[in-house]
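Reading through the structure tokens given below for one structure.
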Amino acid sequence: MTLSSARPHSGARTIVAPTATVEDGARVGPGAQVWDQTVVRSGAQIGAETILGRGVYIGPGARLGERCKVQNQALVYEPAVLGNGVFIGPAVVLTNDTYPRAVTPDGRRKGAEDWEAVGVTIEEGAAIGARAVCVAPVRIGRWASVGAGSVVTRDVPDHALVVGTPARQVGWVGRSGVPLVSDNRDRWICPVSGEVYVEIDGRLEEAR
């Protein structure tokens, strides 16, 4: 995955609310906005023009691309990686512990050395609906959509629309986010943009 710029920056100024916490060692790109009571931990990277709403948590080492929107109360635990243009809805959780425990088997409180963090990867343009939970390690493909309240426990293909607990695929979506309409057994049309996609071996690709 690349977090490089897809277009020139707008020149908008970076905004960090007085009540937000951006730790030393965190990187906030030009034109980004960090709002009330949000915490960005040391080592986190926030791309240009990305917006972090109220009460967001970005863990140390998490990387967010450019022009992402992370809505209020979302929790992005390290080592999550978000591509450019990713949408994270309100109260979404990206986990990072496969077998969580507060203590070791002998009752000692667990420290950083007692577990290995695993991350959620969300590719360019994908959207995660409100209160969804992505259970690491999983990959959400390019321009995919995860329905509100879903629990994602396995990888989501590019352009897939998934819903439920555990999340299952119920259709395909294009770049507009609107469900695609089939015109025959392997062609899918975006009703908004008219873009045509072709389904090949369970994958969706833009028609050439």
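FYI, it's all coordinate maths here, none of it is from the lab. All values reported here derive from a predicted model rather than from experimental measurement. So basically every Cβ, Gly included, is an ideal-geometry build from the backbone, and we count neighbours across all protein chains shown.
Structure values in brief
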{"read-out": "Net charge contributed by nearby residues that have their C-beta within less than 15 Å of Asp106 (K/R +1, D/E -1)", "value": "+2"}
{"read-out": "10 Å beta-carbon shell around Ala44, net charge (K/R +1, D/E -1)", "value": "+1"}
{"read-out": "Gained length - Val170 relative to Thr98, 0.36 nm times residue gap less alpha-carbon distance", "value": "23.3 nm"}
{"read-out": "Formal net charge of residues neighbouring Arg208 (Cβ-Cβ distance under 15 Å; K, R +1; D, E -1)", "value": "-3"}
{"read-out": "(i) 54, 35, 31; (ii) 41, 41, 38; (iii) 58, 49, 25, with the label sought being that of the calculated Cα extents along the principal axes in Å", "value": "(iii)"}
{"read-out": "Packing-based exposure ordering (other Cβ within 10 Å, fewest first) of Cys190, Cys134", "value": "Cys190, Cys134"}
{"read-out": "Relative contact order (%) - criterion: Cα under 8 Å, at least six apart; region: segment 15-173", "value": "13"}
{"read-out": "FRET E, pair Asp24, Thr153, Förster distance 35 Å, beta-carbon r, rounded to 0.05", "value": "0.45"}
{"read-out": "Unit charges on C-beta of K, R, D, E only; dipole of the chain, Debye", "value": "340"}
